[in-house]
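In what follows, a structure is listed as structure tokens, so that the remarks can point back to it.
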Amino acid sequence: MKILFTCLSNGWGGLEMYTLTILLQLKKNNFDVSLLTIKNSQISIEAKNENIKTHEINSARGLIPFTIYQISLLLKKENYEIIHSHSSKDLWLIVPAMKLIQSKSSLHFTKHVASGIDKKDFLHNWLYKRINRVFAISKMIEKNLIDTTSIPSEKIFLLYNGIDTQKFNPDKINRNIIRNEFNIADNEILIGMIGRISQGKGHEEFIKSAEILLNKYTNLKFMIVGHASIGEEEYYKRIKSLASSLVFNEKIIFTGLRKDTPEIFSALDIFVFPSHDESFGLTLAEGMSMQVPNVCTRASGVLEIATDNETSLLFEKGNAEDLADKVSKLIDSPSLRITLGLNSRKRVMQLFDLENYTHQLINHYKETIVK
């Protein structure tokens, strides 16, 4: 089966990382996979490093008719059986390119991010009519698709993101690799958050809760893992400045962008996921797979992954005091940490395993291929 993924993005966040993860899964299953992306984008660089066949365009903006023509030549030459787009803006280039050459390829689209815009106008209807199947990564996204588009419900399928539970396996990783790198003592409790440093991800509450907790406990350290989103460098500076202003600022570690996420999780005693609004919460599920006890926001997409007092402790969005209170409960109860960690991994294994996701995706592809 010949498959083209499209991800015309300059960013490097959960959407882009997950797109690459699934490409590698399909390649591992002996499918002929390629990626269409933006020249010199991070996903293009990472895909090439993984020996994924990559086709680049200069930009998803600008000379749109030329770009559509350029893509149509690629589609005609390669004659893909499956085209799978991971961003709705890609469809404005892919669908016209397919129409131009009367492509019979099966078109799939994964909706990763909710939209507040009504998309039931003539142009959107024309665009979505060409799609064979749409995958919603959560029930929240599924409802959003039904509410904001005219895509028939029989074309919409709930397909939760999958986690590589072998890669994110606490039994396979030495907890001390990262702790030694950052001089974390054995008796220190390391509390961390992982993700792009962007507004709405909860960094301010995390730092404010750290201040509250450091006034109560002496054996804590905090770790912020991630880099600034494109265009949010000033916000990143503001977050670092907020941390620097604290009396206990030496207790807060900024690591920058890291690729060794499983090792980071392994080093943590408590994981915090304070994001205000998530379609799914991939990083949360990864942390749960690593059996790390967690405190997370009581927010829509999160509630499909985490269960309060069973896998996680939930706190009210944006409330640093409530966050500190929930983290404090975990600090005070090692047995609760163990229970939540075990339950977390069990839930991910049951509902969000990557191998199961891949099997479902391949079946969708097979069911829609034009014979």
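Every read-out reported here was derived from the displayed coordinates using simple, explicitly stated rules and does not represent laboratory data. Keep in mind it's a predicted model, so treat the numbers as computed, not measured. Cβ sites come from the backbone with ideal geometry, for glycine too, and all protein chains shown count toward neighbours.
Please find, in a Gaussian network model of the chain (springs between Cα atoms separated by less than 10 Å), the residue of Gly11, Gly281, Gly341 whose mean-square fluctuation is greatest. Sorting by GNM fluctuation, first place goes to Gly11.
Which residues in region 98-136 have a backbone N closer than 13 Å to a point placed 7 Å from the Cα of Ile64 along the Cα-to-Cβ line? Answer for this model: 123-124, 127. Placing pseudo-labels 7 Å out from each Cα toward the beta carbon at Ser153 and Asn363 gives an inter-label distance of 2.1 nm. If you average the alpha carbon positions of region 310-353 and of region 86-137, how far apart do those two centres end up, in angstrom? If we compute the Cα centre of each part, the gap is 38 Å. Computed over every Cα-Cα pair of region 170-351 and binned at 5 Å starting from 0, the pair-distance distribution P(r) comes out as 1, 9, 19, 22, 24, 16, 7, 2, 0 percent. Ordered by the count of other Cβ atoms within 10 Å of each Cβ, fewest first, His124, His84 give His124, His84. Work from the charge dipole of the chain (Cβ charges, +1 for Lys and Arg, -1 for Asp and Glu, about the Cα centre) and give the residue of Ser300, Val33, Leu74 farthest towards its positive end. Positive-most Cα among the choices belongs to Leu74.
To the nearest 0.05, what FRET efficiency results for Lys167 and Asn215 with a Förster distance of 35 Å applied to their C-beta separation?
0.40
Model label sites at Lys129 and Leu74, defined 7 Å from Cα along the beta-carbon direction, differ in position by 2.6 nm. By other beta-carbon atoms within 10 Å, ranking Ile189, Ile362 with the fewest at the front produces Ile362, Ile189.
Counted by neighbouring Cβ atoms within 10 Å, the residues Glu278, Glu16, Glu367 run from fewest to most as Glu367, Glu16, Glu278.
With each label modelled as a point 7 angstrom along the Cα→C-beta vector, the Lys104-Glu234 pair spans 5.4 nm.
Of Lys39/Lys366; Lys120/Lys201; Lys99/Lys120; Lys48/Lys76; Lys2/Lys201; Lys143/Lys259, which sit over 28 Å apart, Cα to Cα? With Cα atoms farther than 28 Å apart: Lys39/Lys366; Lys120/Lys201; Lys2/Lys201; Lys143/Lys259.
From the coordinates of this entry, semi-axes √(5λ) of the Cα gyration tensor in Å is computed, and it appears in (1) 32, 28, 16; (2) 39, 21, 20; (3) 37, 25, 17 under the label (2).
Within straight-line reach of Lys104, meaning a Cα separation under 16 Å, sit the following aspartates and glutamates at least 8 residues removed in sequence or on another chain: Glu78, Glu81, Glu367. Among Ile252, Ile94, Ile178, the residue with the largest mean-square fluctuation in a Gaussian network model of the chain, with springs joining Cα atoms closer than 10 Å, is Ile178. Between the listed residues Ser105, Gly116, Ile151, the Cα displaced farthest toward the positive end of the dipole of region 63-161, a dipole computed from Cβ unit charges relative to the Cα centre, is found at Ser105. Placing +1 on the Cβ of every Lys and Arg and -1 on the Cβ of every Asp and Glu, with no other charges, gives the chain a dipole of roughly 1280 debye about its Cα centre. Packing around the peptides 169-177, 46-54, 134-142, taken as the average count of other Cβ atoms within 10 Å per residue, puts them in this order, highest first: 134-142, 46-54, 169-177. Distance from the Cα centroid of region 25-82 to that of region 208-262 is 36 Å (rounded to whole angstrom).
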